[in-house]
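The values are calculated or read from the model by the stated rules, or taken from the named source; none is laboratory data. Bear in mind the structure is a predicted one, so any value in this text is a computation, not a measurement. Note: ideal-geometry Cβ built from the backbone for every residue, glycine included; neighbour counts use all protein chains shown. Just so you know, the surface numbers come from the protein's heavy atoms only, side chains and all, with ligands and any DNA or RNA stripped out. Shrake-Rupley method; radii C 1.70, N 1.55, O 1.52, S 1.80 Å.
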Amino acid sequence: MFLVNKGLNWSTRVIAQARNNYLFIPLLFAAYTGVFFCITMALDLHFKTVFTPYLPFQFSDTNTITNLLSVIAGSVITVAGVTFSITLLTVAHANSQIGPRLLSGFMENRTNQITLGVFLMTFCHGILTLSVIDEKPISILDHTLSNPPQLTLYAALLYSLMSVFVLVYFIHQIPKSIRMTHVVSHIGDELRRVTNNYFKKSTRPKTTNNQIQKQNDDHFLKTTELECQKTGYIQIINYQKLLEESQKEDYYIEISVNPGDFVFKNQVLLNVHSHKKITLEKSKNLLTHFAIDEDKSVEQDFTFGAHLLVEVAIRALSPGINDPYTACECIDQLKASLITLSRVAHPCNEFYGKKGKLRITRPDFNFEKFVNELLRPLIFYSSQDPLASRHLKHCFNELSDYLNKKEHQSLFEGLKLKLEKRMAKNLN
């Protein structure tokens, strides 16, 4: 039994965490500025006689150029600070309606990250250009640069124009991003996308569980339990990499957890069945395909997205907010997502390798149990509001009529009866 605690391999981990890291793209843009500045300076050094005649106008007065660059750099960094301060105040005000767990959407918003990145690019390029402006020609790597460097100055003006356009788009986008309709719609779209991605790699069972167990007991001689040493939530499981490893080493892997599950120290994450005892190095390599962190993530956990919609709906139905129309929008998104889930979800999750050989199994998904746990709180709170309760009842009727499986139809018929009983109880 190995005690190992690793996240995904470093490249995959960086890509996965970049989505939630607000400073990743801005810092990447700032690094790009340094590279682009070196390129424009090299062009000014080596090809100044080629480009200069074709420029519409040329900079000549050093004092004017210095003042211009100082204004660009100073104004951009000031606008960036003021803009994002106002934005954070707006988001904090919207926190009472949206909920604290949904504010991560602001951090993940590419528009916000790119806007800050463009501001940083403009500021850094202005500062770097100011550092090479001099009244006398300067020498860099045995080359004489006659001041001012024309292409580098044109790049600074281009950055300033980009900052203006990005600022206008940013101001247009921010009110939209915190609008409840947009937030609810975004959660619903992500929920359906993650649901399809989660189930698309698995296939329906070809053999019974007893046959699979007997097959693996006869074929594999050793079983190794791999445990984690970190407490947190499973954010990502790289099933594709695990499948490749199992085919390469001829493993059969039983995964004990799903994305979104809370794991604690020394909890078994997976059982590896092999011909011989696997080494510590190989066990560590298998554990690199699990990412564990203190927060949940919607990257693979479709159940988290569904619970977020329920959370927004319940918050909207609270007496302090009293916004039943937002709750109805959440119910509509849940209805569309449950229809998608009913189409793709199946109880047994298996991954087959080449020649149809079973390589990976993960915990079964129970649609009925998930729907009951998800919608019972919503039934309780919506039954106290006439508009939300009627809309939820209509949603149950549509789901019962739309779904073909009898067990799913009876499930939503039963939920509708619970809602009607709760509504009658509140009237009395």
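What FRET efficiency do you get for ASN63 and LEU158 if R0 is 25 Å and r is their Cβ-Cβ distance, rounded to the nearest 0.05?
Details: r = 22 Å, r/R0 = 0.88.
FRET efficiency, ASN63 to LEU158: 0.70.
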Express in Å², to the nearest 10, the accessible area of TYR381 obtained by rolling a 1.4 Å probe over the protein heavy atoms while all chains stay in place. 100 Å²
Out of segment 263-363, which GluC sites (Glu not before Pro) are coil in DSSP terms and have no more than 11 other C-beta atoms within 10 Å? GLU294
How big is the C-alpha Rg of segment 286-428 next to the rule-of-thumb value 2.2 N^0.38 Å, as a ratio? 1.23
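If you keep only loop residues by DSSP, which trypsin sites (Lys or Arg not before Pro) in segment 329-428 have at most 15 other Cβ atoms within 10 Å of their Cβ?
Numbers: sites: LYS335, ARG343, LYS354, LYS355, LYS357, ARG359, LYS369, ARG390, LYS393, LYS405, LYS406, LYS416, LYS418, LYS421, ARG422, LYS425; in loops: LYS357, LYS405.
For trypsin sites (Lys or Arg not before Pro) across segment 329-428 that sit outside H, G, I, E and B with at most 15 neighbouring Cβ atoms in 10 Å, the list reads LYS357, LYS405.
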What figure, in Å² to the nearest 10, do you get for the accessible area of SER163 with a 1.4 Å probe and non-protein molecules left out? 10 Å²
Report the calculated FRET efficiency for ASN197 and LYS354 (r = Cβ-Cβ distance, R0 = 25 Å), to the nearest 0.05. 0.65
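Would you mind getting the Kirkwood hydrodynamic radius of segment 346-394 from its Cα pairs, rounded to one decimal in Å?
Working: mean 1/r = 0.0730 Å⁻¹.
Radius from the Kirkwood sum: 13.7 Å.
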Against the 2.2 N^0.38 Å rule of thumb, the C-alpha Rg of segment 348-428 sits at a ratio of 1.51
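How much length, in nm to one decimal, is gained on full extension between PHE262 and GLU398, taken as 0.36 nm per residue of separation minus their Cα-Cα distance?
Working: separation 136, 0.36 × 136 = 48.96 nm, distance 3.39 nm.
So the chain would gain 45.6 nm between PHE262 and GLU398.
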Using every alpha carbon pair in segment 236-331, what percent of pairs falls into each 10 Å bin from 0 up to the bin containing the largest distance? 14, 34, 22, 14, 11, 5, 0
Taking amide H positions as placed in the peptide plane 1.01 Å from N, state which residues far from LEU269 in sequence (5 or more) or on other chains have amide H under 5 Å from it. LEU226, GLU227, CYS228
